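The values are calculated or read from the model by the stated rules, or taken from the named source; none is laboratory data. In this text, all values refer to a predicted model and were calculated from it rather than measured experimentally. No Cβ is skipped: glycine too gets one built from the backbone with ideal geometry, and neighbour counts run over all protein chains shown. Surface areas here come from the heavy atoms of the whole protein model, side chains and all, with no ligands, DNA or RNA. Shrake-Rupley method; radii C 1.70, N 1.55, O 1.52, S 1.80 Å.
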Amino acid sequence: MKVLSVIAIASTLAFSGAALASDALAKKYACIACHDATAKKMGPSWKDVAAKHKGDKGAEAKLANAIVKGSKGVYGKIPMPPQARAAADAPALAAWIMTH
């Protein structure tokens, strides 16, 4: 029983650490200027992005690509400009967005 508790705690801490790290990345790349976890700003909320792509096995790759190359017409009239400087962290950001 103690082993399972330790595993559960370690798993929770690892997830929390990943979430904090990705939250820091969203701040580092100024994603928060246009996006919020739950409220629409200039761009859609991360919750809305995750809901739109729920069940799509390729969602994380598509989102990472959209982060780096930008997108147009996916969530309305305002295009998302390319964020090429975030290329190395785009997969982590995309995975984090899909947790919302």
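Determine if region 18-25 includes at least one residue that is open to solvent by 30 Å² or more (accessible area, probe 1.4 Å) and outside any helix (DSSP H, G or I).
No, region 18-25 contains no residue that is open to solvent by 30 Å² or more (accessible area, probe 1.4 Å) and outside any helix (DSSP H, G or I).
Can you name the residue in region 39-58 that is closer than 17 Å to ILE78 by Cα and not in a helix (DSSP H, G or I) and, of all such residues, is most open to solvent (accessible area, probe 1.4 Å)?
LYS40
Every residue in region 59-100 that is open to solvent by 70 Å² or more (accessible area, probe 1.4 Å), out of contact with any Lys or Arg (no Cβ under 9 Å at 6 or more places or on another chain) and not aliphatic (A, V, I, L, M), please.
Hits for region 59-100 are GLU60, LYS62, ASN65, LYS69, LYS72, LYS77, PRO81, ARG85, PRO91, THR99.
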